[in-house]
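Report on one structure; see the data block that follows.
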Amino acid sequence: MKRCKILMAVAILLAIAFAATACDRNNAPQDTQVEGSTATPTPAPTLTAEVAPIVSLPTPTPTPSPTPTPTPTPEEVGEVQLSITFDDASWEAYESRITAGAQVSGERVADFGRTDNYSYRITNTTGDYASGAGNFITINLPQPLLLGGTYNLSFYVYIPEDRNHDKENIPGAGIVFNSTFGSPANQPTNANDLTRRTPMDEWTQTTTTFTIDHTSGQINSIVFRFRVNDPAEVPTVWYIDDITITLLEMEEMIEPVWDMTLPSLREAWADYFIIGSIMEPSLINNNPRNVREMFLLHYGAVTAENAMKTDAISGGGNTRNRPASLHLNGAETVVRFAEENDLFMVGHTLAWHSQTAPWFTNHPETGEPLTRTEAKENMRWFIENYAGHFEGRVHAWDVTNEVFTGGGGANLVGQGPEGSTVYPVGSWQRALRNYVPWYHAFANGADIEAGESASDYVYYAFVFARRYAPSALLIYNDFNEWFNHKRNAMANMTIELNERWHNDSVNNPAYGDPSHPDYGRLLIEVIGMQGHISAGANLQDIYRALELFSQTGARIHITELDLTFPNTTGRPMVMTPEEERRQADMYAQLFVWFREFSDYIDRITFWGREDSSSWRSAQSPLLFDRFFRPKDAFWAVLDPEGWLAQD
């Protein structure tokens, strides 16, 4: 049996002489607090069980479908379930059912509308600031939208420029079911809200089609909102009009049941790397439909999808003042689940530009960037009290997340704060997101002549993580990692910062001391390839990324794997047989290569279990469908060579 590499990664790295050869590379915070812990550190889990060879399944037997559960249906498909035009009749019916969010006021107006003189106006009541979780209205439905129903929802928004003259890049308006902001299954427009833009002085339509299943439950209320926290992108005043919901189809609802007789993914790959997935505290505590048992059958590593991100830990994504202590109960639930079940625990994440409260980087009153010294101290304090709290219990940390532009291309000169160093095109520094708060704060007061720069925030996040979580593997994590510019930037940054650490006489306790147990240990020990792949991706580029990263000296983790397919059926989470087969072929090819690079890869984590709970659910990205049945992709991952041999 191959060695269980991930458990020995630190020891291996300690033994490697340092080399710096250049080469070509969503949320609800917890309410309660946990004070300092004296828990005994737990070792990383060992995978010592003897495992049978990977099962060859050339003709997999489909799992029998669970018995359908009859669902009440409206009288006819195609009927409009809801229509609100804000005229006198609809206002009389819905006035008592519409409420405004905490940071806005709402009122019906009779002098402005899309097709008549009526609409509903939402106005920010908090000055310049309004968050995506407060700038909304909620409509409580007179009749719920039912399980098994496929519906189309359409509405229009209008943003007047004369009331939003200081705003730019306002995203698309979106919806949330039942006010469950932290659930991807209840946010059908979520994946596209931030990529769309809403123009001013014209009515803009948002339309979405969704199927209601057991993941979301029946829909009793709908939130309409703009999903951003940046004051420059949240409209101060906006109008909504012509809201309609139409029933497109009604089907009998199948009660999802996990098939616990399936072969285990974690056992099938135990000789090569750990297979993992994501969990959240509510799933662990409530265990809906035996999800804990399913998880332990298939996965040996766990990452919290949202409960361990910075906003959940630091009091919420809108907090302007540093909290007296951190909110760790949700994280504690996930960590204990890992400890109790001998799982490899991954902390996600310590420094990110998204889902990060303003207090880290911005003045609480003016909103201006903090000084470099102030932001650096906030980073240190947070990592000490977060990663330090879980030292010995979390086996790896995603330290910095997505610091590069989406494609890794050069950022715009002048987009960063005044005085920032201008790096040449092709350098990893030039590929950084130079518009994010961490970058601006670390530039504010940087001694350029002494070599300080805005990009230092990446380095110091790893320095503090090493200081306060010395037993953990430290990961740099990013998406689109197969793009040419992106993979080069990731590889070059890893090599350069590891060399900087090796020569850092101030922060590296092993500097110049070959007898120190950490002498030669890398700072960035793992390159995390998120693996959010689409059907149109060139898989050869992913192979090239694996080749490049394997030459950096760092290990490789596949951290957030999913593979989306366009929804051509017109029904979310429903694939044609041809699409399901093609998705399975792509998964199989990836796992053939993962096996090829298994001397460098220690972990592969899927970003979800079944399609319906995925953050990209409408595009069916995972191994199990919305009824928990294994898709072709499951069998392809279980035995990729056998699967491909069938073609």
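Here are the numbers:
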item: Qualifying positions in the stretch 432-458 - among the β-branched types (Val, Ile, Thr) and either modelled with pLDDT under 90 or in a loop (DSSP other than H, G, I, E, B) (or both); result: VAL436, ILE448
item: Among residues of the stretch 104-132, those that are modelled with pLDDT under 90 and either surrounded by fewer than 21 Cβ atoms within 10 Å (Cβ to Cβ) or within 18 Å of PRO160 (Cα to Cα) (or both), counted; result: 8
item: Single condition ASP193 does not satisfy, out of (1) out of contact with any strand residue (DSSP E or B) (no Cβ under 9 Å at 6 or more places or on another chain); (2) over 20 Å from GLY106 (Cα atoms); (3) at pLDDT below 70; result: (1)
item: Any helices (runs of 4 or more DSSP H) falling wholly within the stretch 273-387 and containing at least 3 residues that are more than 20 Å from ALA443 (Cα to Cα), open to solvent by 10 Å² or more (accessible area, probe 1.4 Å) and touching a helix residue (DSSP H, G or I) at 6+ places or on another chain (Cβ under 9 Å); result: 281-286, 291-298, 329-340
item: Qualifying position, being open to solvent by 10 Å² or more (accessible area, probe 1.4 Å), assigned to a loop (DSSP other than H, G, I, E, B) and of a type in the set (D, E, K, R), among ASP513, ASP541; result: ASP513
item: Evaluation of SER598 against (1) closer than 20 Å to THR150 by Cα; (2) in contact with a Lys or Arg (Cβ under 8 Å, 6 or more places away or on another chain); (3) surrounded by fewer than 21 Cβ atoms within 10 Å (Cβ to Cβ) (one fails), failing number; result: (1)
item: Answer residue from the stretch 225-272, given it is assigned to a loop (DSSP other than H, G, I, E, B), open to solvent by 10 Å² or more (accessible area, probe 1.4 Å) and under 30 Å from PHE112 (Cα atoms) and is modelled with the lowest pLDDT among those; result: ASN229
item: Pair list, Cβ under 7 Å, 6 or more apart: the stretch 615-634 residue part of a loop (DSSP other than H, G, I, E, B), other residue open to solvent by 20 Å² or more (accessible area, probe 1.4 Å) and among the charged types (D, E, K, R); result: LYS631/GLU580; LYS631/ASP625
item: Test: SER534 is at pLDDT 95 or above and surrounded by fewer than 23 Cβ atoms within 10 Å (Cβ to Cβ); result: no
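Residues are listed down the side, and each one gets a yes or a no for (1) under 24 Å from the mean Cα position of the chain (by Cα); (2) more than 30 Å from HIS395 (Cβ to Cβ):
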{"residue": "PHE594", "(1), (2)": "yes, no"}
{"residue": "THR605", "(1), (2)": "yes, no"}
{"residue": "ARG609", "(1), (2)": "yes, no"}
{"residue": "SER612", "(1), (2)": "yes, no"}
{"residue": "GLN619", "(1), (2)": "yes, yes"}
{"residue": "LEU623", "(1), (2)": "yes, no"}
{"residue": "VAL637", "(1), (2)": "yes, no"}
{"residue": "GLN646", "(1), (2)": "no, yes"}
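The values are calculated or read from the model by the stated rules, or taken from the named source; none is laboratory data. No experiment lies behind these values; they were computed from the predicted model shown. Every residue, glycine as well, gets a Cβ built from its backbone with ideal geometry; the counts of neighbours run over all protein chains shown. Protein only, heavy atoms only, side chains kept; ligands, DNA and RNA dropped before computing areas. Shrake-Rupley method; radii C 1.70, N 1.55, O 1.52, S 1.80 Å.
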